[in-house]
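So the structure is just underneath, and the comments pick up after that.
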């Protein structure tokens, strides 16, 4: 598989952002979420735990992708 | 009065265990059958969701233990690839593992975000019957447009290297398409088996891939909702849920064993025909 090392940093940054979003979803009730977040509902005390899990899974995906791109290149690979 | 009787829980457990691996939509049958029998059970009632958690956990556990040796090889392959930071060219277990991860993530995320709205929107028996008909048509379409016709001896030899030839893009597409099964009447295993056929797998290999792919998603859905069964929604149905789960485990085992043998020499066509006929019949029954 071709390694794209230039994507490592963007993947890690995106992973950290998604991780932060996951924590916000877990900690903040729907009423306190930023208005541009899916699931924002003024005055609601409901926690969107599932949205948080979705963001966390995506963050993990970004980190795993970055990890694989940081691996050693095979011989003959550009 | 109990919200769900022990007899009902046995029937629904047997049905869930049978219909989950079969490409005929367990969710659709779970909506249609109680309505046909005149049972006052609705898919969106809290107690019924709690009951479903138990049957889904049982189905996932049986699928996991049925393929336990394969899962152990897949986990070791995933570990090897993470350690080496690459998927070895000859490492079919690692590649199959990542195909399953890539297939599971989109379905899982869509499931987390869309499960409740879709279940609420399409909860009626009529809607489930219509989608069951559509599911049947899809199964026939998958067979019609499969990449290659079945060949004698397709099922012989080790299936995993054949399945592992699938591209990551194809795995992601099949995984995303699984989300359609959130609609009662559309079958998750039908979609994944059909997707496998479109990528060039035999019926037998496609079924095996569908069962492996179903395990984490059904298991995760069950585990995530376990608090509902343990909480107030589970009051009065925990005994029935246990009985339903045992019934579901029994039929899941039989269904998987049967289907792996069935698809060595057979196609999705009979299930497609069944879904179309049953879907049309139920649509007419519910309409008049």
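What's log10 of I(q)/I(0) for segment B:109-224 at q = 0.16 Å⁻¹, Debye sum over Cα points only, no solvent? Taking Cα atoms of segment B:109-224 as identical point scatterers yields -0.78. Fewest neighbouring Cβ atoms within 10 Å first, the residues B:282, A:62 line up as A:62, B:282. Tell me the angle of helix B:238-265 to the major Cα principal axis of chain B, expressed in degrees between 0 and 90 and rounded to the nearest ten. Helix B:238-265 sits roughly 40 degrees off the main axis of chain B. When its C-alpha radius of gyration is set against 2.2 N^0.38 Å (N residues), the protein assembly as shown gives a value of 1.03.
Over all Cα atoms in chain B, the spread is summed up by Rg and Dmax: 18.6, 62 Å. In terms of surrounding Cβ atoms within a 10 Å radius of their Cβ, A:32, B:26, B:127 rank from fewest to most as A:32, B:127, B:26. Ranking of B:288, B:250 by neighbouring Cβ atoms within 10 Å, starting from the fewest: B:288, B:250. To test your reading of the geometry: what angle, between 0 and 90 degrees and rounded to tens, separates the Cα axis of helix B:188-198 from the longest principal axis of chain B? Computed tilt is about 30 degrees. Using the average count of surrounding beta-carbon atoms within 10 Å as a protection proxy, the listed peptides B:236-242, B:104-110 rank, highest first, as B:104-110, B:236-242. Only Cα pairs under 8 Å and 6+ residues apart enter the sum, and on that basis the relative contact order of chain A stands at 43 percent. Separation of segment B:235-288 and segment B:4-64, taken as the distance between their Cα centroids, equals 9 angstrom. Taking segment B:189-214 and a reference point 7 angstrom along Cα→Cβ of residue B:165, the backbone N atoms nearer than 15 Å belong to B:196-206. One chain, two ends: residue B:84 and residue B:7. Fully extended at 0.36 nm per residue, the span grows by 22.4 nm beyond their Cα-Cα distance. What angle do you read, to the nearest 10 degrees and between 0 and 90, between the alpha-carbon axis of helix B:46-66 and the longest principal axis of chain B? Tilt relative to chain B: about 30 degrees. Can you give me the Cα centroid spacing of segment A:22-57 and segment B:115-184 in angstrom? For segment A:22-57 versus segment B:115-184, the Cα centre distance is 32 Å.
Quick note: the coordinates plus some simple rules give every number you see, no bench work behind them. From a predicted model like this one, the values you see are computed outputs, not experimental measurements. Reconstructed Cβ throughout: ideal geometry from the backbone, glycine too, with neighbour counts over all protein chains shown.
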